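Encoded as structure tokens, the structure appears first; notes follow it.
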Amino acid sequence: MNRIIMLMAVCMMFALPSCDSFLSLTPPSQATAGNFYKTTADVTNAVTAAYSALRSGSMYTGHFIYLMEVRSDNIEDQNPGANAGMNYNIDRFLALADNGVVGDAYLALYGAISRCNNVLPHLGVVTDPALKMQYEGELRFLRALHYFQIVRLWGAAPLVLSVVTTEESKSIGRSPVADVYAAIEADLTAAAGLLPAVYTKNADMGRATAGAAKALLAKVYLTEKKYSQAVNTLKELAPPQSNPFGYRLLDNVADVFSAGNKMNDEIIFAIRYDKTILGQGHGLFFGNPVLDPKLLNAYESGDARRDLLNKAQLNATTFLVKKYYDTYDLTNQNMGNDFVILRYADVLLMYAEALNEMAYSSDPNGDAFKYLNMVRTRSGATPFTPVQLASQAAFRVAVLQERRLELPLELHRWFDLVRTSTAIDALKTSGLTPITIEPYQYLYPVPQGQIETMNNQALYPQNPGYTK
């Protein structure tokens, strides 16, 4: 997205009518969507605003780092006084329903969903049929991404797929997990058929593609343990079928994250930033994190991925991991490297995992070993052999560990532990502070403000384990 469009997005954040607060039952804006959407340009601006929601500090730029990565065994928060202890409590599994980080993220996700819902009914004003299809695909992709985060963080959730009034919102309860996943699958399946494989204009780099929809759909299937569907979807992205999308592993893993090499061939979907424009940069991603020594010591000698977790000094007082290194823009005092949501190495590891779950194969030239080892050897690690991974269980352990080595600090680890039912053991044996958790803590508490506003235990219950 070019600078002009991104600047419009900032304005649109305030101009669009919204259901951001439908759960808190505040009156909707007096400006109606029907009055706003008159031209293709209006819709274009609104779609861009839907993307801008991703850069919220309550989502990827801030809170998600704690909810999805610090929560895992990769990293530890050792500052109980910062942010009123809310981040620390998330890390130590002490967060309750009144935790502000949990509450802000919940509302931010539903606010982002509302931006998508607001635009979808008005795509008829778009005169170019191809562009109309693209916009529908983009909005459905974004909505699915938001609901995927919601269902993994909170489980059952209000499923809102259209604009609702304040009165209507009072009757919207928490839909079963299966229903939420069905809606996610429907959106992503549709998006994959509506979106282009690539964009030809540089200004469009960063928009969702058919490949992004397929990659996210495969991750959804893997999470649901629908392994055959995952395999069929991933097959379309793996070599040689990946050719229409142009994805590949870069030769040097460090180049994937270089601030000077954005939207490279390994990136499938990323949140775009521009530090030269006020309000479109970000602060430190992770900064000077306390990383699990078990993670750091798990890399083989010569594995290039290990260096990405070393600290680089930005200035006299600031250190940050090399994976997210960027320099400050001297004018705006922020950074501009993108945050990667989906990349090709993740796709190949998902494919290897799904194939193994379908049926273990000891063939070293089979696809499961091939794609697992493709990721390992790119960074200088030695390939696995069937002697080392002689069973489905052994392969399963290896691919989970490989995901940890390949994707740390990319917001995958906590969800990987949850979907493989290994979080309890991983946290209990952490190389940092061992923590004993209960299965109910695989989900976060529903924010207390929402529970109290709805005031309907049957329609809108708290998650088990968090009730008083």
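Every number in this text was worked out from the coordinates using simple rules, so none of it is lab data. Computed from a predicted structure; not experimentally measured. FYI the Cβ positions are ideal-geometry reconstructions off the backbone, even for glycines, and counts take in every protein chain you see.
Is region 33-111 best put as rounded, prolate or oblate by its Cα gyration tensor, with a ≥ b ≥ c the root eigenvalues, rounded for a/c under 1.5, and otherwise prolate when a/b is larger than b/c, oblate when not? Taking the square roots of the gyration eigenvalues as a ≥ b ≥ c, region 33-111 is prolate.
Taken one residue at a time, the phi angles of region 314-325 give Karplus couplings (6.51, -1.76, 1.60, θ = phi - 60°) of 7, 8, 4, 10, 10, 10, 8, 5, 4, 4, 10, 6 Hz. Gly and Pro are set to x.
Between amide H atoms placed 1.01 Å from N, distances below 5 Å from residue 341 occur with 269, 270, 271, all of them 5 or more places distant or on a separate chain. Here the contact order of region 129-188, divided by its residue count and restricted to Cα pairs under 8 Å and six or more residues apart, works out to 45 percent.
Couplings for region 392-399, taken from phi via the Karplus curve 6.51 cos²θ - 1.76 cosθ + 1.60 with θ = phi - 60°, read 4, 5, 5, 5, 4, 4, 5, 6 Hz in order; Gly and Pro are left as x.
With both labels modelled 7 Å from their Cα along Cα-to-Cβ, the residue 288 to residue 311 distance reads 0.5 nm. Charge tally for residue 262 (other residues, Cβ to Cβ under 12 Å; Lys, Arg +1; Asp, Glu -1): -4. Across region 310-341, the residues whose backbone nitrogen lies under 19 Å from the label position 7 Å along the beta-carbon direction of residue 252 are 310-313, 321-327, 337-338. Structure note, pairs 262/311; 219/262; 226/275: Cα-Cα distances above 32 angstrom occur for 226/275. Which residues among region 33-62 fall inside the zone where the amide N is under 18 Å from a point 7 Å beyond the Cα of residue 162, along Cα→Cβ? Residues passing the 18 Å test: 33-35.
Is it possible to state the helix-based mean residue ellipticity at 222 nm for the chain, with each DSSP H run of 4+ residues giving -39500 (n - 2.57), the sum divided by total residues, to the nearest 500 deg cm²/dmol? What is it? Let's see the in-between values first.
On the way: 18 runs with 197 residues, N = 468.
Mean residue ellipticity at 222 nm (helix-derived): -12500 deg cm²/dmol.
Placing dummy labels 7 Å off each Cα toward the beta-carbon, the span from residue 330 to residue 388 is 4.8 nm. Tally Lys and Arg at +1 and Asp and Glu at -1 over the other residues with C-beta under 9 Å from the C-beta of residue 222: what net charge comes out? The answer is +1.
When only Cα pairs below 8 angstrom with a gap of at least 6 residues are kept, the chain shows a relative contact order of 19 percent. Calculated translational diffusion coefficient of the chain (20 °C, 1.002 mPa s; Stokes-Einstein with Kirkwood radius over alpha-carbon pairs) equals 93 µm²/s. Amide H to amide H, with H built 1.01 Å from N, residue 157 comes under 5 Å of 175, counting only residues 5 or more places away or on other chains.
The local environment of residue 307, defined by Cβ-Cβ distances under 10 Å, has a net charge of +3 under the rule Lys, Arg +1 and Asp, Glu -1. Around the amide H of residue 312, modelled in the peptide plane, lie the amide H atoms of 320, 321, 322, all under 5 Å away and 5 or more residues distant in sequence or on another chain.
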